[in-house]
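Colleague: Here you go, one structure.
The values are calculated or read from the model by the stated rules, or taken from the named source; none is laboratory data. On a predicted model such as this, the values are computed, not experimentally measured, just so you know. Every residue, glycine as well, gets a Cβ built from its backbone with ideal geometry; the counts of neighbours run over all protein chains shown. Heavy atoms of the whole protein, side chains included, go into the accessibility calculation; ligands, DNA and RNA do not. Shrake-Rupley method; radii C 1.70, N 1.55, O 1.52, S 1.80 Å.
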Amino acid sequence: RQAVILAGGRGRRLGALTDKVPKPLLPIDGRPFLEHLVRQLARHGFDDIVLLEGYRAGQVREALGDGAALGVRLTHVVEDRPLGTGGALSAAAPVLADRFLLVNGDTFFDFDLPAFVEAATPEPWLIRLALCWVPDTARFGAVECDGPWVRRFAEKADSTGPGWINAGYYWVRRSAIDAFPAPPSSLERDVLPLLAERGLVAGLAFVGGFVDIGTPRGLAEAEGTLVGL
């Protein structure tokens, strides 16, 4: 099975912490965060992993190499200019499987990944995303569903209180890329809302430990949560 990790962002909200190190390589519990993700995927049988890289991509290759030490095959795809997460995925289309798992490079969700991938979803759909329950959606933006279908992605400013959020794990049909807007584009801001309006995004809810290292607060809270995973 193939998994794709969005590992190209700089992480500007983290300030000086990412001046010299790309966000996915920030250390959590003694390992680069990206290594925790790769290990999780390997445990569930994803042995073909594509890393979509941009900012300081050479450091990612240096840290993880070809993936042999982690029991996987890593393919490094480096954008030659900032394309955004949607654009980076479009550029990588030639190496993508017909269906693949897409994972944000700054979130970790400890949940039933096999159940997510193997679940049946009513047709038609192009992207299925994992939903995580949190006590306060204001940090992330809420996801609003009607049955299995995602209808709206609420902005952070419009979200408050407990609810479901996008956990950053997606089961994707490669044909979805045909509907992406021209790069640069953001998966979360441009692609997902567009496809949701067309009724092509499904959501599956899970409960589990969730980590987001995209902010200083989230980075601090992540320490100690990935030990033994």
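Colleague: Considering only the stretch 69-82, how many residues are assigned to a strand (DSSP E or B) and either closer than 26 Å to Phe206 by Cβ or among the β-branched types (Val, Ile, Thr) (or both)? Working first, answer last.
Modeller: As a first pass, look at the stretch 69-82 and keep what is assigned to a strand (DSSP E or B): 73-78.
Now drop any that are not either closer than 26 Å to Phe206 by Cβ or among the β-branched types (Val, Ile, Thr) (or both), which leaves 75, 77-78.
Final tally of qualifying residues: 3.
Colleague: Of all residues in the stretch 138-182 being assigned to a strand (DSSP E or B) and small (Gly, Ala, Ser), which is nearest to Val50 (Cα to Cα)? Step through it out loud before you land on a result.
Modeller: Start the filter on the stretch 138-182 by keeping residues that are assigned to a strand (DSSP E or B), which leaves 143-146, 149-153, 163-173.
With the extra rule that they be small (Gly, Ala, Ser), the set shrinks to 163, 167-168.
Details: Gly163: 31, Ala167: 19, Gly168: 16 Å.
Taking the candidates together, the pick is Gly168.
Colleague: Something else about it: Restricting to the stretch 83-124, name every residue that is open to solvent by less than 20 Å² (accessible area, probe 1.4 Å), part of a helix (DSSP H, G or I) and hydrophobic (A, V, I, L, M, F, W, C).
Modeller: Within the stretch 83-124, Ala88, Leu89, Leu113, Phe116, Val117 qualify.
Colleague: When Thr160 is evaluated against the numbered criteria (1) surrounded by 15 or more Cβ atoms within 10 Å (Cβ to Cβ); (2) closer than 30 Å to Gly224 by Cβ, which criterion, by number, is the only one it fails?
Modeller: (1)
Colleague: Tell me yes or no: at least one residue of the stretch 43-59 is of a type in the set (Gly, Ala, Ser), free of Cβ contacts under 8 Å to residues at least 12 places away in the same chain and open to solvent by 60 Å² or more (accessible area, probe 1.4 Å).
Modeller: no
Colleague: Identify, please: which residue in the stretch 1-42 is assigned to a loop (DSSP other than H, G, I, E, B), free of Cβ contacts under 8 Å to residues at least 60 places away in the same chain and under 16 Å from Thr85 (Cα atoms) and is, among those, most open to solvent (accessible area, probe 1.4 Å)?
Modeller: Selected residue: Arg10.
Colleague: Going through the stretch 125-157 one residue at a time, which ones are open to solvent by less than 50 Å² (accessible area, probe 1.4 Å) and over 15 Å from Leu200 (Cα atoms)? Reasoning before the result, please.
Modeller: Here is the first cut: in the stretch 125-157, the residues open to solvent by less than 50 Å² (accessible area, probe 1.4 Å) are 125-132, 134, 137-138, 141-143, 149-150, 153-154.
If the condition is that a residue be open to solvent by less than 50 Å² (accessible area, probe 1.4 Å) and over 15 Å from Leu200 (Cα atoms), then Leu131, Cys132, Val134, Thr137, Ala138, Gly141, Ala142, Ala154 are the ones that fit.
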